[in-house]
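Quick note: the coordinates plus some simple rules give every number you see, no bench work behind them. Only a predicted model underlies this, so the values are computations on that prediction, with no experimental measurement involved. Cβ sites come from the backbone with ideal geometry, for glycine too, and all protein chains shown count toward neighbours.
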Amino acid sequence: MAEPLRILSVGAHPADIFDQSGGTMAHHAARGDYVGCVVLTHGARVHDKVISDEMHHRSEVPEADELQSLMAERSDVKAGEAVRACNLLGVEDVYFFGADDAVLLVTDELVRRLARLFRQLKPDLVLTHFPKEGDGLTNAHATAGQIVLHAMALAGGVDPGDRNPPHKAAQVFFFGTGAAAIPRSVWQSEGGYYNDLFIDITDVVDKKLAALDCLVSQGYGGAYARKRIETSDGAFGMAGGVAYAEGFIKLNAETHDFLPVTPRAMAAARASDHELIEERSYRVRVD
């Protein structure tokens, strides 16, 4: 692109904004593109060391007021970890909506708030969850993707009280991690969705690993981060012909003036089998 792009990644929970697209975000940030993130829920109930782990083994949980205070405290911890992780990837703008992650629903409030942010930030590209992830109904990731699509539609027109003009993004890329991974439930057997775009993140996989290590409260740091990188980004990399990659599903088909072919595809076509195997065999250091 001749001009810098504006990219916005929208996740349901604090980790989602970079867990599924951190390497891609790092690439664009390093190139000089604007990259921002939106976290819809506080995420205090998701994999938190105190709320979801320690409470699980107690005979009873604290009274409502004490529990609410503790959840607010844990929310701040998770937000701080997410900001540090994004900073490691070169991303500074992180917007926390703070919705309760007990039951995430498509609400007028969330849609309008996100639509206003779209008009304000004017993203060219939006990264978010696949709207039919899991069962598409009770899955918070799927709901987040639905909120994004509603907000994008609303942002394309005016809304009383918002002085920013309408805005339309050029493309939406859905995270492939939750939408086109290995089917493991009756819901995931539907659709036959597949990743139609891979971003090679081999050169920044160490940054993504460091970002995942920031999620101490979620249990992602250490061994899990390395397992996650190998089994997800490593698997996407093998599918995409590289060592590590992030997979995406484009919302809209693209129109070109000529048949598209990437320099990477041309290089792969001219390489031998052993050269390709060597390229895919790179492994990030685990110490």
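For the chain: lysine pairs with Cα atoms under 23 Å, gap of 8 or more or different chains, count?
Lysine pairs satisfying the spacing and distance rule in the chain number 14.
For segment 137-238, state what percent of all Cα-Cα pairs lands in each successive 5 Å bin, counting from 0 Å until the bin that includes the largest distance.
2, 9, 14, 15, 17, 16, 11, 8, 5, 1
With θ set to phi - 60°, apply the Karplus curve 6.51 cos²θ - 1.76 cosθ + 1.60 along segment 216-232 and write out the HN-Hα couplings as whole Hz, x wherever there is a Gly or Pro.
5, 5, 9, x, 7, x, x, 4, 5, 4, 6, 5, 4, 4, 6, 7, 9
Positive end of the dipole of segment 6-280, charges at C-beta (+1 Lys, Arg; -1 Asp, Glu), about the Cα centre: which of ALA265, SER75, LEU212 has its Cα farthest in that direction?
Farthest towards the positive end: ALA265.
Using only alpha carbons, build the gyration tensor for segment 1-145 and give me the equivalent ellipsoid semi-axes, biggest first, whole Å.
Over the Cα atoms of segment 1-145, the ellipsoid semi-axes are 29, 17, 13 Å.
Taking the Cβ of ASP33 as the centre, find all other residues whose Cβ is under 15 Å away and add up their charges (Lys, Arg: +1; Asp, Glu: -1).
Result for the local shell: -1.
Could you grab the relative contact order for segment 6-280? Cα pairs under 8 Å, six or more apart, rounded to a whole percent.
21
Which cross-chain or sequence-distant (5 or more) residues have an amide H under 5 Å from the amide H of VAL10, H modelled 1.01 Å from N in plane?
Close amide H contacts, sequence-distant or interchain: VAL38, LEU127, THR128.
Find the all-direction average of the projected area of the Cα convex hull for segment 22-103, expressing the result in square nanometres with one decimal place.
Hull-based average projected area comes out at 6.0 nm².
Dipole of the chain, Cα-centred, from +1 at each Lys and Arg C-beta and -1 at each Asp and Glu C-beta, to the nearest 20 debye?
The calculation lands at about 500 debye.
So which residue, out of GLU81, GLU133, GLU190, gets the largest mean-square fluctuation from a GNM of the chain using Cα contacts under 10 Å as springs?
GLU190
State whether segment 68-121 is rounded, prolate or oblate according to the following rule on the C-alpha gyration tensor (a ≥ b ≥ c being the square roots of its eigenvalues): a/c under 1.5 gives rounded; otherwise a/b larger than b/c gives prolate, and the remaining case gives oblate.
Oblate, because a/c is 1.5 or more while a/b does not exceed b/c.
Using Cα pairs closer than 8 Å and at least 6 residues apart in sequence, work out the relative contact order for segment 206-287, in percent.
26
Report the relative contact order of segment 125-243, percent, no decimals, based on alpha-carbon pairs under 8 angstrom and at least 6 residues apart.
Relative contact order of segment 125-243: 22 percent.
Okay, helix-only estimate at 222 nm for the chain: each DSSP H run of n ≥ 4 adds -39500 (n - 2.57), divide by all residues, round to 500 deg cm²/dmol; what do you get?
-11000 deg cm²/dmol
Ratio to report: Rg/Rh of the chain, with Cα atoms as the point set and Rh obtained by the Kirkwood method; give two decimals.
That ratio is 0.98, to two decimals.
Counting Lys +1, Arg +1, Asp -1, Glu -1, what net charge surrounds LEU5 among other residues with beta carbon under 10 Å of its beta carbon?
Summing Lys/Arg as +1 and Asp/Glu as -1 gives -1.
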